[in-house]
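Values quoted throughout were computed directly from the atomic coordinates according to the rules given, and no laboratory measurement underlies them. What you see is a predicted model, and the numbers here were worked out from it, not measured in a lab. Don't worry about glycine lacking a Cβ; one is built from the backbone with ideal geometry, like all the others, and counts go over all protein chains shown.
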Amino acid sequence: MIQDAGFGNVPAAMRTAPETAALRCKGPIDTTMRILVVGSGGREHALAWAIARSPLTDQLFAAPGNAGIAQVADCVDIAAEDVDGLAAFARDARIDLVVVGPEGPLVLGLVDRLRAAGIPVFGPSAAAAILEGSKKFTKELCAQMGIPTGAHASFTEPEAAKAYIRRQGAPIVVKADGLAAGKGVTVAQTEAEACAAVDAMLSDNAFGEAGATVVVEAFLDGPEVSFFALVDGRTALPFASAADHKRAHDGDEGPNTGGMGAYSPAPLLDPGLEREVMERIIHPTVRGMADAGRPFTGVLYAGLILTRDGPQLLEYNVRFGDPECQALMARLDCDIVPVLKAAAEGRLDEIRLAWKPGAALTVVMAANGYPGAYEKGSVIRGLEAAEALPGVTVFHAGTRTGDGGTIEAHGGRVLGVTATGADIAEARARAYDAVDRIDWPGGFCRRDIGAKAVG
């Protein structure tokens, strides 16, 4: 049995016995730790949920957290991009490991500040986070290392970009070089649409500094999948695959969003393709970053398209995807804490991962109007009834605790209703059963998450 000591603020129902999950990872840690998760979304709730289940977690903090994260961690009122405040808190609170969720603080150099203070941290340095912070840099790295990706060119002058578009023809893709909150990509079906996107970015300053350079690239035809690998600067460990749904409405209609649902694993990415992705894309990236003096540590999230010529890289993110992370954490069947610590300390060669059989699927519930204007403050009921179903966990994204302890919507994407099952079909059925138990007139969801994967 597990003694209460050593679990800090983790509820008894969430504790995981070491003879099951904790010891399935090679190279266990023999001391408990004080851990800080940075961020406030569904990804961070999933990470906090997994970390809280570990017997290696002494006390868990989150900055700034949300109403769901507050159920498993002590939330501190420090913004995710307040690098100075986070570094000071980690020092003063004697944090043993920091896990950075979103990309913003990574690009701002939070990892560098923490490492300079001797605090282990899971995530890349600012120099390595450029893989997400600059699409132009990533394309240049692909060219240097022979990584398969679409033909492309980068521009700072609109007329030069539009001339290139007219030479290439449509469909074609226009991307803001920098971070644009997932909104800086136009998949243009006509040359006119592509030229309008160039004007919006380079002439109208639609994305500020993030759009001061645009990358114009070939449209690649094929299904998209997400592939995740853990990296410690020199060793890359395949983590898992997933598929997400970006459009707001059923049938892939409506505007792009941060993600309306996901499932894992992606059936199209079989073991043979996984090996090909590691050999042709992930390993060359890790070598190239090390050679450039930018060793990468953390999670590489490769957005891939499976073409007739094999998998090609669309772009990199340098953190777990949201909502993919929710499905991944639900599937993981070993203690996440030694995995994250080993990546932070250059010891991934000691780690062996374990996964639950079957699949996991996440349905995002968003506030009415998202990704456009939406209202805050509507009350959400029925969460307990949803989580009473087998295999179901509801991860919070944009929530806050209201008067009397009610859960209120406080963002665009608000909940990630996640379920596991023997296969995607069962996980999907459970997730939508849970969605139907949630009483929230102020929200909506897609009803076709995972439908294509089950025929």
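Between Thr406 and Arg347, what is the spin-label point distance in nm, taking each point 7 Å from the Cα along the Cα→C-beta axis?
4.8 nm
Just to verify a number: FRET efficiency for Asp221 and Asn368, C-beta to C-beta distance, R0 = 30 Å, to 0.05?
About 0.30, to the nearest 0.05.
Over all alpha-carbon pairs of the stretch 43-175, lay out the pair-distance distribution in 5 Å bins, whole %, shortest bin first.
2, 9, 16, 16, 14, 10, 8, 9, 8, 5, 3, 1
Take every Cα-Cα distance within the stretch 157-212, group them into 5 Å bins from 0 onward, and report for each bin the whole-number percent of pairs it holds.
Spelled out per bin, shortest first, that is 4, 24, 33, 24, 13, 2.
Stretch Trp355-Arg34 to full length: gain in nm at 0.36 nm per residue minus the Cα-Cα span?
113.0 nm
Could you give the length gained by full extension between Ala451 and Glu375, i.e. 0.36 nm per residue of separation minus their alpha carbon distance, to one decimal place?
24.4 nm is the gain from fully extending Ala451 to Glu375.
Mind ordering 370-381, 331-342, 90-101, 161-172 by average Cβ neighbours within 10 Å, highest first?
Per-residue Cβ counts within 10 Å, averaged per peptide and sorted highest first, yield 331-342, 90-101, 161-172, 370-381.
How big is the convex hull of the Cα atoms of the stretch 251-379, per residue, in Å³?
Here the figure is 185 Å³ per residue.
Below 17 Å, Cα to Cα, which lysines can Lys175 reach? Residues fewer than 8 away in the same chain don't count.
Here the lysines satisfying the reach criterion relative to Lys175 are Lys135, Lys136, Lys139, Lys162, Lys183, Lys246.
Taking a cut-off of 13 Å between Cα atoms, list the aspartates and glutamates near Lys341, but don't count ones fewer than 8 places away on the same chain.
Reachable aspartates and glutamates: Asp30, Asp96, Asp232, Asp349, Glu350.
Taking K and R as +1 and D and E as -1, what net charge do the other residues with C-beta under 11 Å from the C-beta of Phe227 add up to?
Value of the local net charge: -4.
What is the diffusion coefficient of the stretch 339-400 in µm²/s, taking the Kirkwood radius over Cα pairs and the Stokes-Einstein relation at 25 °C with a viscosity of 0.890 mPa s?
156 µm²/s
Beyond 24 Å, what percent of the Cα pairs of the stretch 305-455 remain?
44 percent
Suppose R0 equals 45 Å. What FRET efficiency, 1/(1 + (r/R0)^6) with r the Cβ-Cβ distance, do Ala117 and Ala143 give to the nearest 0.05?
0.80
Excluding residues fewer than 8 places away in the same chain, name every one of the aspartates and glutamates whose C-alpha is closer than 13 Å to that of Lys376.
Within the straight-line cut-off, Lys376 pairs with Glu408.
For the chain, what is Rg from Cα atoms divided by 2.2 N^0.38 Å, rounded to two decimals?
Relative to the 2.2 N^0.38 Å estimate, the chain comes out at 0.94.
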